[in-house]
Amino acid sequence: MSLKLGAHVDQDDPLAEAADRGADLVQFFLGDPQGWKGPKVSYSEGAEALKARAEAEDVDLYVHAPYVLNVATLNNRIRIPSRKLLQQTLDLAAEVGVKGVIVHGGHVGKGDDPEAGFDNWRKCIERAELPVPLLIENTAGGDNAMARHLDRIARLWEAVQASGNPNLENVGFCLDTCHFHAGGEELGSVVDKVLAITGRIDLVHANGSRDPFGSGADRHSNFEEGEIDPADIVAVVKAAGAPVVVETPNGDHGQKADIDYLRAHLN
């Protein structure tokens, strides 16, 4: 089975990081993942040079939007800046020539109506310009999350489809194995269930989990050191048939070992 495999890497020279891991693709941030400043390309030679080098080296690029974004929230002081920063990220990512921008599904407050959060997603996609694919990722925790459980993902997807955006084909789904495990969804059936909802899986985040099933904890582990059987991660990757980003720790038994494990077990 021939799938492109890669990892989340440092943004200063993502292509050097790809070579270090033997990766076919890399995912990185454009700036501070925990801050509200506008995105920037950290690669010293700039966006155009990074795009050209990636094409020459046949490495696909993906960008992860900042973690602080939450377009679902009812809090205007977070939702409005989130929409602005997401659009800025999409625009700059397009200059770099990425295959997609990944963003978390977000959440509403403990006492808030989740339907308002889904409608905020509709409004976000309705107004968004989508020069590159925007891939919505399932999340691990939170009782009022938009994309932790499959029933919520179904409502989120209905809202997105109702947006009327003319480039709706550029809204896709990123499946994270750690997040579904920690979120309490069985990995053995999750691909079929996601496909029944979305009709597509555009990217897989293949991660082990430091914590038990249903814990709600977003803590990634390397494949052979976590609570998920590595064979189950391989099975998800095979069933999804989409490019893969490994977001595991990069220590002694790091991302390269996890990429190599996938490559060996997918053939």
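Numbers at a glance
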quantity	calculated
Two-site FRET efficiency, ARG219 against LEU74, from Cβ-Cβ distance with R₀ of 25 Å, rounded to 0.05	0.35
DSSP beta bridges in the chain [antiparallel fraction, %, rounded to 5]	10 percent
Cα convex hull volume per residue for the stretch 144-247 (Å³)	92 Å³
Gain upon complete extension [ARG127, ASP151; 0.36 nm per residue less C-alpha separation]	6.2 nm
Rounded to the nearest 10 Å², the accessible area of HIS220 at probe 1.4 Å	40 Å²
The stretch 1-75: radius of gyration over Cα atoms, expressed as a fraction of 2.2 N^0.38 Å	1.22
Hydrodynamic radius of the stretch 194-267 per Kirkwood, over alpha carbon pairs, in Å	12.8 Å
Cα-based equivalent ellipsoid of the stretch 89-172: semi-axis lengths in Å, sorted from largest, via gyration tensor	23, 14, 10
Within the accessible area of the stretch 130-267 (1.4 Å probe), percent carbon and sulfur	45 percent
1.4 Å probe accessible area per residue over the chain, in Å²	42 Å²
Trypsin sites (Lys or Arg not before Pro) within the stretch 13-46, DSSP loop, no more than 10 other Cβ atoms inside 10 Å	LYS37
Label point at ALA116 placed 7 Å out along Cα→Cβ; residues across the stretch 82-108 whose backbone nitrogen lies under 18 Å	82-83, 106-108
Proportion of all alpha-carbon pairs of the chain beyond 27 Å (%)	34 percent
Equivalent ellipsoid semi-axes, the stretch 15-133, via Cα gyration tensor eigenvalues times 5, rooted, Å	30, 13, 13
Phi-based couplings in Hz for the stretch 121-138 (Karplus 6.51, -1.76, 1.60; Gly and Pro marked x)	5, 4, 5, 4, 5, 4, 9, 6, 8, 10, x, 9, x, 9, 10, 7, 9, 5
Rounded Å value of the spacing that divides the Cα centres of the stretch 75-108 and the stretch 159-191	16 Å
Hydrodynamic radius of the stretch 75-229 per Kirkwood, over alpha carbon pairs, in Å	15.9 Å
Karplus-derived 3J(HN,Hα), 6.51/-1.76/1.60, for each residue of the stretch 165-180, Hz, glycine and proline x	4, x, 10, 4, 5, 8, 10, x, 10, 10, 9, 9, 5, 4, 5, 5
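The values are calculated or read from the model by the stated rules, or taken from the named source; none is laboratory data. Given the structure is predicted, the values throughout are model-derived calculations rather than measurements. Using ideal geometry, Cβ is built from the backbone for each residue, glycine included, and neighbour counts are taken over all protein chains shown. Just so you know, the surface numbers come from the protein's heavy atoms only, side chains and all, with ligands and any DNA or RNA stripped out. Shrake-Rupley method; radii C 1.70, N 1.55, O 1.52, S 1.80 Å.
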